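The structure appears below as structure tokens.
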Amino acid sequence: MNAEQGSAYDAEMTPFTALEDFVDLKLGHNNKDGIEVVDVEGEIDVYTAPRLRELLIELVNKKNYQLVVNMEKVEFLDSTGLGVLVGGLKRVRAHDGSLDLVCTQERILKIFRITGLTKVFGIYESVDAAIAARKAEK
């Protein structure tokens, strides 16, 4: 590739498509024992967090007020991602609901400890443990 071809390629690539190549977030959800489990894989950051926010809003709008966010496969979490999780928690609590997290990765847990959010979220080692704890409270 010569310099001329490179500049033509760069001119066609918008910043958005360039970012899309690096954005990696997979979302899924399923209902287990009456609790909606959201599986998150990849990075929750300023670029991907809006997708998680949309899913959480959609679930609450469909009257799912007991949520577990499985973060076992989350590789990175920034302040935007934390804000989305806190926003989700506020939404479900407005309906006397809950939003618990599944996380065992030390680098992610450290973020919750530093921010004091371990006192706000229930954080569990597995989806089954989170569901069992929520069921025990009822």
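The values are calculated or read from the model by the stated rules, or taken from the named source; none is laboratory data. Quick caveat: nothing in here was measured; it's all calculated off a predicted structure. In this analysis, Cβ positions are derived from the backbone assuming ideal geometry, glycine residues included, and neighbour counts consider all displayed protein chains.
Filtered by the rule that a residue be in a helix (DSSP H, G or I) and either in contact (Cβ under 8 Å) with a residue 40 or more places away in the chain or under 16 Å from the mean Cα position of the chain (by Cα) (or both), the stretch 119-138 gives 127, 130, 131, 134, 135. Close contacts from the stretch 69-95, counting a first residue that is at pLDDT 95 or above and a second that is polar (S, T, N, Q), with Cβ to Cβ under 7 Å and a gap of 6+ residues or different chains, come to 72/104; 82/115; 92/98. In this structure, does residue 116 turn out to be modelled with pLDDT of 95 or more, surrounded by 11 or more Cβ atoms within 10 Å (Cβ to Cβ) and closer than 30 Å to residue 137 by Cβ? For residue 116, the condition - modelled with pLDDT of 95 or more, surrounded by 11 or more Cβ atoms within 10 Å (Cβ to Cβ) and closer than 30 Å to residue 137 by Cβ - is not met.
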